[in-house]
Amino acid sequence: MSWFRNAVFYEVSVRSFCDSNADGIGDFGGLTSKLNYLQWLGVDCLWLPPFFASPLKDGGYDVSDYESVHPDFGTLDDVKAFVTEAHARGLRVIADLVVNHTSSEHAWFQEARQPGSPKRDWYVWSDTDDRWPEARVIFIDTEESNWAWDEVAGAYYWHRFFSHQPDLNFDNPEVVEAVIDVVRFWLQLGFDGLRLDAIPYLVERDGTNCDNLPETHDIIKLIRAVVDAEFPDAVLVAEANQIATDVVEYFGDGDECHMCYHFPIMPPLYMSLRRGDTDKLIKAIDETPDIPEGSQWGMFLRNHDELTLEMVTPEERDWMWQEYAPEPRMRSNLGIRRRLSPLLNGDRRQIELLNGILLSLPGSPFLYYGDEIGMGDNIWLNDRDGVRTPMQWDQSVGAGFSAAATDTFHLPLIDSPAYGPAVVSVAAQQGDAASLLEWTRRVLDLRRRHEAFGTGSFERIGTDNRALLVFERTSGTESIIVVANFSDGPQRVEGVVGSATDLIVGGAVQLADLELPALGFRWLLRDV
């Protein structure tokens, strides 16, 4: 089973994609109606953020019932119909599964709060709030502690994220079995995999920072064993926002997650653009550990909506904020929450360059809905809502998202002159050969037709020119040279010879004579 190693993933928010019943909220009926578009675009697998029952205090990552659908999105039958229709078009679907914590409104927690409850040990409790002081507070802009007091329970409960998201106690075998039952539920329903959210924090131990503990890996191995035995074609994706040497542990020996996100690649991509120097990017690539055979990295230009800056130095973070988020509202926690196009000032050259690298580095790329048309953001909306606005399908009043009155939409449409539906939409770009949408569709098709991009070997080609990134992907007799110029001036490529076919602009080229325009990239199929 290796379908995921060549797949292009597309993250799509059900709430924001298409509304089928005119209530101003996207739903599964609407998403199903747009499957033909997603098939046309050329993605392979849809990734759905949480759509479960939830009070929605954290975009659905605060789950109150793992086996039901939030009524805004439809019913369980609607989900089944969606999965069936996706499969009929050759599209696969994975879902987010928040394994670390639940909502404080989950029935498990409500029962665990009660004195003498048999579910008391399903969560992590303490009489004091000073246990495990080595564990960092993740959301430093909203939480002061990993402990919160519960008046009913008469005790503190542990939460690595928001205080309304108590952590489950994975030292309790009943909890482990309950989570495995949830995994079974969605895979039996037809999903092709699950993204395991926040898995580095499943277990706590005295004298540690409670991250990446051996017992956490033991639990993931148990989940993987069940998946391998009962759903051999399903994939588990690890969301572990860690340095690469820690993340690689979530592959195990090929017995934990099939895929892991490669967070450390993100910041150097953007640093290289502003500096015209690929030194940091090359370092991140060269320090990427080997992974077990049959596994794959997940690559993205932003984690959902965020350019994460946890793994850069404080000086680099300050520099990135000044370069890419000069307005404080653009910053959140230790990152930048913006869409790709406004991050890059709407510059097609930069957008194409970063996507070209994303699609050709070792790993399976994850795209974010709306980026294929260059959608904008609204930094004045709360929390992450600024990059979760309705998909812009056309230039109509409701942007083709919904027939409801726009003032009833769950989030307002982008209304800026540069990014509103009047200028940025699927309808405006579909069929226009010069548009970003048609360019994206074309490069996705090219990637699909050349297996070297997905599972081919990778060899970086050294060059003295620090503005350039040059590497080779090889599969069988096929060899593709990838060259990228991160500077704002033309650069000559040295160190490669022979003739090739330019897959991006077409035509034959002599590699030794190759000159890249400013912020240009090429995929060159070497002649054999």
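Key figures
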item: Dipole moment magnitude, nearest 20 debye, region 378-528 about Cα centre, only Lys, Arg, Asp, Glu C-beta charged; result: 260 debye
item: Label-to-label distance, nm, for residues given as residue 6 and residue 136 (7 Å Cα→Cβ offset); result: 3.9 nm
item: Region 155-184 versus region 210-239: alpha-carbon centroid distance in Å; result: 15 Å
item: Phi-based couplings in Hz for region 424-435 (Karplus 6.51, -1.76, 1.60; Gly and Pro marked x); result: 10, 7, 4, 4, 5, 9, 5, x, 8, 4, 8, 7
item: Residue 65 accessible area, 1.4 Å probe, all protein chains in place, Å² to nearest 10; result: 60 Å²
item: Protein accessible area in region 130-269, 1.4 Å probe - carbon and sulfur %; result: 51 percent
item: Net lengthening on full extension, residue 81/residue 178 (0.36 nm per residue, minus Cα-Cα); result: 32.3 nm
item: Accessible area expressed per residue, the chain, with surrounding protein chains retained (probe 1.4 Å, Å²); result: 37 Å²
item: Listed residue (104, 490, 398) projecting farthest to the positive dipole end of the chain, Cβ model; result: 490
item: Using θ = phi - 60° and Karplus 6.51 cos²θ - 1.76 cosθ + 1.60, couplings along region 231-246 (whole Hz; Gly, Pro as x); result: 9, x, 9, 8, 10, 10, 10, 8, 9, 10, 7, 9, 5, 4, 5, 8
item: Amide proton proximity set for residue 491, modelled H, under 5 Å, gap of 5+; result: 516
item: Pairwise centroid distance, computed over Cα atoms, of region 8-74 with region 287-301, Å; result: 27 Å
item: Surface share of carbon and sulfur [accessible, 1.4 angstrom probe, percent] for region 412-528; result: 49 percent
item: Cα-centred dipole magnitude for region 302-435, charges only on beta-carbon of K, R (+1) and D, E (-1), debye, nearest 20; result: 80 debye
item: Computed Rg/Rh of region 345-440, alpha carbon atoms with Kirkwood Rh; result: 0.99
item: Relative contact order, percent, region 338-472 [alpha-carbon distance under 8 Å, six or more residues apart]; result: 23 percent
item: Beta bridges by DSSP in region 168-310, antiparallel share as percent, to the nearest 5; result: 10 percent
item: Folded to 0 to 90 degrees: helix 266-275 orientation relative to the chain principal axis, Cα; result: 40 degrees
item: Relative contact order computed over the chain (Cα-Cα under 8 Å; 6+ residues apart), in percent; result: 13 percent
item: Using alpha-carbon coordinates, inclination of helix 173-189 to the longest axis of the chain, degrees; result: 50 degrees
item: Residue 15 accessible area, assembled protein chains, probe 1.4 Å, Å²; result: 40 Å²
item: HN-Hα J in Hz across region 306-322 - Karplus 6.51, -1.76, 1.60, θ = phi - 60°, x for Gly and Pro; result: 10, 7, 6, 10, 6, 9, 10, 6, x, 5, 5, 5, 4, 5, 4, 4, 5
item: Identified option (computed log10 I(q)/I(0) by the Debye sum over Cα atoms at q = 0.05, 0.07, 0.08, 0.11 Å⁻¹; candidates (i) -0.24, -0.47, -0.60, -1.03; (ii) -0.31, -0.58, -0.72, -1.04; (iii) -0.20, -0.39, -0.51, -1.00); result: (iii)
item: Cβ-placed point charges (K, R +1; D, E -1), dipole of the chain about Cα centre in debye, nearest 20; result: 1720 debye
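The values are calculated or read from the model by the stated rules, or taken from the named source; none is laboratory data. Keep in mind that what you see is a predicted model, and the values were worked out from it rather than measured. Positions of Cβ are generated from backbone atoms using ideal geometry, with glycine treated the same way; all protein chains shown enter the neighbour counts. Please note that ligands, DNA and RNA were not included when accessible areas were found on the heavy atoms of the full protein model with its side chains. Shrake-Rupley method; radii C 1.70, N 1.55, O 1.52, S 1.80 Å.
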